[in-house]
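> Before we start, here is the structure in question, set down as structure tokens.
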Amino acid sequence: MNRLTPAAQQRITGITNSPTIYRQLPTQAIACDRDFFLFITRNPEILVGMWDVMGVTQVTTTRTGPYQLDASDGSGTTCRVDLVYGDPHLHIFVADGSYDGRMVARPIKGSGVFVFRSTYAKSASGETTVTGTLDCFVQFDNLGADLVARTLSGFIGRSADANFIETARFVSQISEASRVNPHAMINFAERLPQVSPAKRRQFVEVITSISRRETARETARISAARTVADDRR
């Protein structure tokens, strides 16, 4: 908290001190390149663009600043998400949003703080396991919505758990694809919708760096195997 501006501190504690719902999602441990993981965490429109190409989401995103995104689910929910703090082990997102769909007579507004912690462990072969936890604090402005959300918090929590688990699995899969089939991933990255040309180029650079590291590891493995074979002779 000492690293944040007074305004950011006040914005965060205003939500975390009295949330409608608090939930820590299930800890996930995935095989994933560290740089790839950090890039995706800080640029979630990359994931949304991939899901868009795959036809599995109606969500749209618009980057409005270096650390800010606007998003809509196409069914009445809109939000603005700010990355207010980020380092390799901790990211804090703050979101303000509203729902104005057919199910309500008047818009429901709310805010959330999402604290994402991550650690990294590298195996002897050079592969990285990323372990992540996500603490969610959600606050509704409307008393009626607050009561309904508290009543349905179990269902909401289970849905959030499932989404977090599936997203973590998907991130691991595309990291692996970048390692074993970088050319296909680069082709995919270059045609992502909802992603600026500059972000696409950065994503391609991340994929290319993964491929280079994999080539270096494979070269080292072959060299080590040859050394062992020579020693046995």
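The values are calculated or read from the model by the stated rules, or taken from the named source; none is laboratory data. The structure displayed is predicted, hence computed values, not measured ones. Cβ atoms come from the backbone with ideal geometry, glycine included; neighbour counts cover every protein chain shown. What goes into the accessible areas is simple: the full protein's heavy atoms, side chains included, and nothing from ligands, DNA or RNA. Shrake-Rupley method; radii C 1.70, N 1.55, O 1.52, S 1.80 Å.
> If I take R0 = 35 Å and measure r between the Cβ atoms of Ser72 and Lys122 in this structure, what FRET efficiency does the formula 1/(1 + (r/R0)^6) give, to the nearest 0.05? Don't skip to the end; give the middle numbers.
Details: r = 39 Å, r/R0 = 1.11.
For Ser72 and Lys122, the calculated efficiency is 0.35.
> Return the carbon/sulfur percentage of the accessible area of the chain, one whole number, probe 1.4 Å, all protein chains in place.
That fraction is 55 percent.
> Here's something else I'd like to know. Estimate the FRET efficiency between Asp141 and Thr219 by the formula 1/(1 + (r/R0)^6), using the beta-carbon distance for r and 35 Å for R0, to the nearest 0.05.
0.05
> Mean Kyte-Doolittle of at least -1.0 plus a Cα span of 30 Å or more along the axis: flag which DSSP H helices in the chain meet both, please. Intermediate values should be presented prior to the final figure.
Values: long enough: 153-180 (40 Å, 0.04); 197-232 (53 Å, -0.78).
Flagged H segments are 153-180, 197-232.
> Calculate, for the chain, the solvent-accessible area per residue in square angstrom, rolling a 1.4 angstrom probe over the heavy atoms of the protein chains.
On the way: 13420 Å² over 233 residues.
I get 58 Å² per residue for this part.
> Please compute the alpha carbon radius of gyration of the chain, then divide it by the globular-protein estimate 2.2 N^0.38 Å. Two decimals is fine.
Values: Rg = 20.6 Å, N = 233, 2.2 N^0.38 = 17.5 Å.
Output field value: 1.18.
> Another one. Counting only helical runs of four or more DSSP H residues, what would the 222 nm mean residue ellipticity of the chain come to if each run contributes -39,500 (n - 2.57) and the total is spread over all its residues? Mind showing how you got there, number by number?
Values: 7 runs with 111 residues, N = 233.
Here the helix-only value at 222 nm equals -16000 deg cm²/dmol.
> Relative contact order, percent, of the chain when contacts are C-alpha pairs under 8 Å separated by at least 6 residues? Present the calculation step by step, with values, prior to reporting the outcome.
On the way: 346 pairs, mean separation 55.5, N = 233.
Result for the chain is 24 percent.
> Also, I was wondering about something else. If you take the beta carbon distance between Arg201 and Glu166 as r and set R0 to 22 Å, what does 1/(1 + (r/R0)^6) give as a FRET efficiency, to the nearest 0.05? Before the final figure, lay out the partial values.
Working: r = 28 Å, r/R0 = 1.27.
Step by step, r from the Cβ atoms, then E = 0.20.
> While we're here: Going through the stretch 1-65, which trypsin sites (Lys or Arg not before Pro) have at most 13 other Cβ atoms within 10 Å and a DSSP loop state? The partial results should precede the final answer.
Values: sites: Arg3, Arg11, Arg23, Arg34, Arg42, Arg63; in loops: Arg3.
The qualifying sites are Arg3.
> Right, here's the next one. How far apart, in nanometres, would the label points at Val104 and Leu4 be if each is projected 7 angstrom from Cα along the Cα-to-Cβ direction?
The modelled label-to-label distance comes out at 2.3 nm.
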